[in-house]
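Report on one structure; see the data block that follows.
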Amino acid sequence: MRPWVKMFSILCLCGGACVMTREATAQVRLGVKGGLNLTDMNYEARDQTNGHPDANSLASIHAGLIVDVPIVEGFSFQPGAMISGKGSKVEYSGSLGTFTQKINPWYVEVPANFLFKPAIGTHTRLYLGLGPYVALAVGGKSSSNASTSVGSFYTDHSLKFGNDSDDDLKQTDVGGNLLAGFEFGNGLILGAQYGLSFTNNAPEGNNDAPKILRHRAVSISVGYFLGQ
């Protein structure tokens, strides 16, 4: 078993064990959550003869479900399931011209966050949290623009996921989240999150792919706990 699988399994089991020790009156809540992603990549090309690539942020979205499970007063285990867009816009400037590549993969992401939630008012809590995530790529698109002395060119294609010579990204992304925000008594949630890949998502079998690809994402979210 891979180390990241063991780590994620242990954390989920610990969260589950904590949940099972709670009294039967503990309120487990289901919520919906969505918002804006501002994403880019830690990007290192294999061949930098055309210049060092400049990775810029790309706007996308996320949406899905969360489950808030109290552990003890002021602490919760909060797993979820999200559809999340990631990627980057990478630009080269060299002697041959200017090249721009935009990559926008979509993932089903499963976070397992642990939250500290101190009360800061009668009906308001601050929350601070962290935890791992595992994400499975389900689709996406890549496009390329080139402006050279002989003209301009554009191509695009649907992303392929795997670890072979014709793949764009690995299928699975594993990383961690830091998050903070506010939870109100009426069920409303406002928050922000930073996510970072722990794994290198560049396919090892593709010699034309970058040497290193790791996702980074700043997310702004609005959510609501159902049944409030």
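Assorted remarks:
- The number of residues in region 88-116 that are surrounded by fewer than 16 Cβ atoms within 10 Å (Cβ to Cβ) and within 25 Å of Tyr133 (Cα to Cα) comes to 2.
- Being more than 24 Å from Leu58 (Cβ to Cβ) and part of a strand (DSSP E or B) is a description that applies to Tyr224.
- Gly131 meets the conditions (1) over 22 Å from Ser57 (Cα atoms); (2) without any contact (Cβ under 8 Å) to a residue 60 or more places away in the chain in every case but one. The failed one is (2).
- Region 167-181, residues that are under 14 Å from the mean Cα position of the chain (by Cα) and assigned to a strand (DSSP E or B): Thr172, Asp173, Val174, Gly175, Gly176, Asn177, Leu178, Leu179
Condition check ((1) under 19 Å from Ser60 (Cβ atoms); (2) of a type in the set (Ser, Thr, Tyr); (3) without any contact (Cβ under 8 Å) to a residue 40 or more places away in the chain) across all residues:
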| site | (1), (2), (3) |
| --- | --- |
| Val90 | yes, no, no |
| Lys117 | no, no, no |
| Ala135 | yes, no, no |
| Ser149 | no, yes, no |
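- First in region 60-84 and of a type in the set (Gly, Ala, Ser), second anywhere and outside any strand (DSSP E or B), Cβ under 6 Å, 6 or more apart: Gly74/Lys117; Gly74/Pro118
No lab work stands behind these numbers, since they all come straight from the coordinates. Just so it is clear, the model here is predicted, and its values are computed rather than measured. All Cβ positions, even for glycine, are placed from backbone atoms using ideal geometry, and neighbour counts span all protein chains on display.
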